[in-house]
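Asker: Please find one structure pasted underneath; my questions will follow.
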Amino acid sequence: MNVIDTVPSPVHLTAEAAPGQPEPTPALEQLYRGFEQEMLVPLWTQIGDLMPLHPKSKAGAHLWRWDRLVQLAEEAGRIVPVGRGGERRAIALANPTLGGRPFATPTLWAAIQYLMPGEDAPEHRHSQHAFRFVVEGEGVWTVVNGDSVRMSRGDFLPQGGWNWHAHRNAASKPMAWIDGLDIPFAYYTESQFFEFGRESLSAAERIQPEYSRSERLWAYPGLRPVSQPGEQPATPLLAYRWVDTDRALNEQLALEAEGCAATLSPGHAAVRYTNPTNGRDVLPTIRTEMHRVRSGARTQTRREVGSSVFQVFDGQGTVTVGDRQWQVRRGDMFVVPSWQAFSAQCDAGQASLDLFRFSDTPIFEAVHAYRVQIDAA
Ligand SMILES: [Fe+2]
């Protein structure tokens, strides 16, 4: 007797009198029992779920409030040490529709990470692509392949897979930030690799430069070092500073006011972080953008293939995701599942609503499966 004979079949088929289904008869029931025994499932009982007319995400929209995330991260900072094994004091957003796994969407991981004064998060590397985004605070340097990179409010720090990295809090205060990775995508596709690094950083890596080596080499718009030819799959630039992002968004809105075509729609400026070696997304699997919605303005409504996670960087407003709607403020994080309608409106009286967004769009573009539908505001 083999193992399969001793385990009840996980396949359960019910003959139903329904449109598109064969007439329930004893012969059909007998056929279905045969399918169950041999681990077979006919398409005609599954087609509505497997091949819907458009994406029907099993992941729901969900919102996490920043004040609670920070409060719980602070408690973890007091109770939970950071070190080898657990690797990071990172607390992931678990979308309640994804079975309690630490997955924000079917492809994306989002977590709040918290480092106490003087603490180091140990060095490691993994094939998953990652970034950090700082909604508040400063004082932590992330060390990527020996390059020490400052983290301050509004900074975006991407890091392609398989690069060594550690974090170090050089300040006298704790610091929180968010991590985004393609962990669920790598998990479902069983494509992960991981390696532990050194136990501690060298003295040369424990410095706190204003600008990393990567920025000194790559951070000049439209200028690439001639010594670094060729395309790289992930950006070699390890920090995109808020001063540049903020200025780019302001200028789009200023140009719009001058009658120039510069914004995505009236009152909605947006920039995408790009890889300076090829102009494409900073990471092969993750698209990252910053959006600014002017006071009182509302974005168009978009449906897109693939899922997104947003964090409110600044301002207050109302976001609508499918049939959910929330009033949001600084730091709040929410998920937009595949093909659910999304729009955002900035409250009147606020200077702007700034939204950091990351999505799995490059995956779908790579396999020519990306679609978008835009409705007017
Ligand atoms: Fe990591």
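Asker: Treating only the Cβ atoms of Lys and Arg (+1) and Asp and Glu (-1) as charged, compute the dipole magnitude of the chain about its Cα centre; round to the nearest 20 debye.
Answerer: The dipole magnitude comes to about 800 debye.
Asker: Loop only by DSSP, 11 or fewer other Cβ within 10 Å of the Cβ. Give me the chymotrypsin sites (Phe, Trp or Tyr not before Pro) in the range 153-204 that pass, ordered by residue number. If you can, show how the numbers build up before the last one.
Answerer: Working: sites: Phe156, Trp162, Trp164, Trp177, Phe185, Tyr187, Tyr188, Phe193, Phe194, Phe196; in loops: Trp162, Trp164, Phe193.
Passing sites in the range 153-204 are Phe193.
Asker: Then there is this: Select from Val321, Leu181, Gly77 the residue farthest towards the positive end of the dipole of the chain; place +1 on Cβ of Lys and Arg, -1 on Cβ of Asp and Glu, and compute about the Cα centre.
Answerer: About the Cα centre, the residue reaching furthest to the positive side is Gly77.
Asker: In what sequence do Cys346, Cys260 fall when counting other Cβ within 10 Å, fewest first?
Answerer: Details: Cys346 25, Cys260 11.
Least crowded to most crowded, the residues run Cys260, Cys346.
Asker: So, one more: Size of the dipole of the range 199-286 about the Cα centre, Lys and Arg at +1 and Asp and Glu at -1 on the beta carbon, nothing else charged, in debye to 20?
Answerer: On the way: 8 positive and 11 negative charges, 45 e Å.
Computed about the Cα centre, the dipole is about 220 debye.
Asker: If you take the alpha carbon radius of gyration of the chain and divide it by 2.2 N^0.38 Å, what ratio comes out, to two decimals? Each step should come with its number before you reach the end.
Answerer: On the way: Rg = 23.7 Å, N = 377, 2.2 N^0.38 = 21.0 Å.
Compactness ratio reported: 1.13.
Asker: Using mean Cβ contacts within 10 Å as the protection proxy, how do 356-368, 100-112 order, highest first?
Answerer: Details: 356-368: 18.5, 100-112: 22.1.
So the peptides 356-368, 100-112, ranked by packing, come out 100-112, 356-368.
Asker: Shifting gears a bit: Kindly put Tyr32, Tyr220, Tyr370 in sequence by how many other C-beta atoms sit within 10 Å of each C-beta, fewest to most. Before the final figure, lay out the partial values.
Answerer: Numbers: Tyr32 21, Tyr220 11, Tyr370 15.
Fewest-to-most Cβ neighbours within 10 Å comes out as Tyr220, Tyr370, Tyr32.
Asker: Counting alpha carbon pairs within less than 8 Å and at least 6 residues apart, what relative contact order, in whole percent, applies to the range 3-50? Could the numbers behind the result be given before it?
Answerer: Working: 35 pairs, mean separation 18.6, N = 48.
Across the range 3-50, relative contact order equals 39 percent.
Asker: Hey, quick one: spin label on Leu53, modelled 7 Å out along Cα-Cβ, who in the range 326-347 has an amide N within reach, i.e. under 18 Å?
Answerer: Only 339-341 fall inside the zone, counting backbone N under 18 Å.
Asker: Right, another one. Suppose a student asked you for the relative contact order of the range 62-218, using Cα pairs under 8 Å spaced at least 6 residues apart; what percent would you report? Display every interim value, and only then the final one.
Answerer: Numbers: 344 pairs, mean separation 41.4, N = 157.
Once divided by the residue count of the range 62-218, the mean separation gives 26 percent.
Asker: Another question, if that's okay. Whole-Hz ³J(HN,Hα) for each residue in the range 353-361, computed from phi via Karplus 6.51 cos²θ - 1.76 cosθ + 1.60 with θ = phi - 60°, x for glycine and proline: what do you get?
Answerer: Rounded to whole hertz, the list is 10, 9, 10, 8, 10, 10, 8, 9, 3.
Asker: In sequence order, what are the phi-derived ³J(HN,Hα) couplings for the range 321-338 according to the Karplus relation 6.51 cos²θ - 1.76 cosθ + 1.60 with θ = phi - 60°, rounded to whole Hz, with x for glycine and proline?
Answerer: Values per residue, Gly and Pro as x: 10, x, 9, 9, 9, 9, 8, 10, 9, 3, x, 4, 10, 8, 10, 10, x, 3 Hz.
Asker: Continuing with this model, one more query. What number comes out for the charge environment of Gln208, summing +1 per Lys or Arg and -1 per Asp or Glu over other residues with Cβ under 12 Å away? Spell out each step's value before the answer.
Answerer: On the way: positive: Arg150, Arg168, Arg206; negative: Glu138, Glu205, Glu210.
For residues surrounding Gln208, the net value is 0.
Asker: Around Phe35, under 15 Å between beta carbons, what's the net of Lys plus Arg minus Asp minus Glu among the other residues? Walk me through the numbers on the way to the answer.
Answerer: Numbers: positive: Arg33; negative: Glu16, Glu29, Glu36, Glu38.
The answer is -3.
Asker: OK, next. Roughly what angle does helix 66-79 make with the longest principal axis of the chain, taking Cα atoms, 0 to 90 degrees, to the nearest 10?
Answerer: So the inclination is approximately 80 degrees.
Asker: For helix 242-257, report the angle its Cα long axis makes with the longest principal axis of the Cα atoms of the chain; keep it between 0 and 90° and round to the nearest 10°.
Answerer: With both axes taken from Cα atoms, the answer is about 80 degrees.
Asker: Semi-axes, largest first, in whole Å: what does sqrt of 5 times each Cα gyration tensor eigenvalue give for the range 242-375? If you can, show how the numbers build up before the last one.
Answerer: Values: eigenvalues 99, 72, 38 Å².
The equivalent ellipsoid of the range 242-375 has semi-axes of 22, 19, 14 Å.
Asker: I'd like the Karplus ³J(HN,Hα) series for the range 107-121: coefficients 6.51, -1.76, 1.60, θ = phi - 60°, whole numbers in Hz, and an x wherever there's a Gly or Pro.
Answerer: Karplus values, whole Hz, x for Gly and Pro: 10, 10, 9, 9, 9, 9, 10, 9, 10, 7, x, x, 7, 10, 9.
Asker: Run lengths n ≥ 4 of DSSP H only: what is the helix-derived mean residue ellipticity at 222 nm for the chain, with -39500 (n - 2.57) per run over all residues, to the nearest 500? Could the numbers behind the result be given before it?
Answerer: On the way: 8 runs with 68 residues, N = 377.
Result for the chain: -5000 deg cm²/dmol, rounded to the nearest 500.
Asker: Note the full-extension length gain between Gln232 and Ala248 as 0.36 nm times their separation in residues minus their Cα-Cα distance, in nm to one decimal.
Answerer: Values: separation 16, 0.36 × 16 = 5.76 nm, distance 2.45 nm.
Roughly 3.3 nm would be gained on extension.
Asker: Still on this structure, I have one more. Quote the relative contact order of the range 213-349 in percent (integer), defining contacts as alpha-carbon pairs under 8 Å separated by 6+ residues.
Answerer: Details: 242 pairs, mean separation 26.7, N = 137.
After rounding, I find 20 percent.
Asker: Please list the non-local residues whose amide H lies under 5 Å from the amide H of His167, H modeled 1.01 Å from N, same-chain partners needing a gap of 5 or more.
Answerer: Counting only residues 5 or more places away or on other chains, the set is Ala121, Val143.
Asker: Once the Cβ-Cβ distance between Glu190 and Gln21 is put in as r, and R0 is 30 Å, what FRET efficiency do you end up with, to the nearest 0.05?
Answerer: Numbers: r = 34 Å, r/R0 = 1.15.
Step by step, r from the Cβ atoms, then E = 0.30.
Asker: With a ≥ b ≥ c the root eigenvalues of the C-alpha gyration tensor of the range 3-50, is it rounded (a/c under 1.5), prolate (a/b larger than b/c) or oblate?
Answerer: Oblate, because a/c is 1.5 or more while a/b does not exceed b/c.
Asker: How many angstrom separate the Cα center of the range 217-251 from the Cα center of the range 271-324?
Answerer: The range 217-251 and the range 271-324 have Cα centres separated by 19 Å.
Asker: Still on this structure, please answer the following. The range 119-156 to the range 356-377: how many Å between their Cα centroids?
Answerer: Value for the Cα centre distance between the two parts: 27 Å.
Asker: Quick one: length gained pulling Thr274 to Gln316 fully straight, 0.36 nm per residue minus the C-alpha distance? Mind showing how you got there, number by number?
Answerer: Numbers: separation 42, 0.36 × 42 = 15.12 nm, distance 2.69 nm.
Here the segment from Thr274 to Gln316 would lengthen by 12.4 nm.
Asker: Now, a different point. Among Met51, Met333, which comes first, second and so on when ranked by fewest other beta-carbon atoms within 10 Å? Show your work: numbers first, answer last.
Answerer: Working: Met51 8, Met333 22.
Lowest to highest Cβ neighbour count: Met51, Met333.
Laboratory data are not the source of any read-out in this text; all were calculated from the coordinates shown. Just so we're clear, the structure is a prediction, and the values are computed from it rather than from any experiment. Please note: Cβ atoms are built from the backbone with ideal geometry, for glycine as well, and neighbour counts cover all protein chains shown.
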